[in-house]
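Reviewing the structure listed below.
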Amino acid sequence: MARLWAVDHAHSTVVPTTSGISVLIRPDGEVVAQSGLFEPAVLQAALPLRTSLMLATRFGGQVELGLATLVLLPLLFRDRPEWSSP
């Protein structure tokens with residue numbers, strides 16, 4: 001999941017955990033350093049820092065809401081066939 005977030009937002013990602021697997025991920029999804037499962041570790045790596053925000057990061061759910069509205073509005077206002085009674 002963290003790899004997808006890193007690629008989607010084009011940012012480096014650090015996933016620190018107290019139990020599980022800690023990981024350092026580059027913006028292209030490459031895992032740079034990783035600890036073992038339930039293993040204490042210190043991870044070090046040079047990760048690129050970005051200051052720009054991606055569209056999804058800047059506007060959050062508003063982008064998805066706008067796209068869904070553009071798709072669903074025509075469905076609500078389409079012509080419906082007339083049903084004849086027998």
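Points to keep in mind about this one:
- Test: residue in region 37-54 that is of a type in the set (S, T, N, Q), within 30 Å of Ser19 (Cβ to Cβ), out of contact with any Ser or Thr (no Cβ under 9 Å at 6 or more places or on another chain) and modelled with pLDDT of 80 or more: yes
- Residue-level analysis places Thr57 among those that are among the polar types (S, T, N, Q), surrounded by 12 or more Cβ atoms within 10 Å (Cβ to Cβ) and within 24 Å of the chain's Cα centre (by Cα).
- Residues in region 25-42 that are touching a residue at least 24 places away in the same chain (Cβ under 8 Å) and over 23 Å from the mean Cα position of the chain (by Cα): none.
- Hits in region 22-75 - residues which are within 14 Å of Asp8 (Cα to Cα), in a loop (DSSP other than H, G, I, E, B) and not polar (S, T, N, Q): Arg26, Pro27, Asp28, Gly29, Glu30, Arg50, Leu53, Met54, Gly60
The values are calculated or read from the model by the stated rules, or taken from the named source; none is laboratory data. Note that the structure is predicted; figures quoted are calculated from it, not measured. No Cβ is skipped: glycine too gets one built from the backbone with ideal geometry, and neighbour counts run over all protein chains shown.
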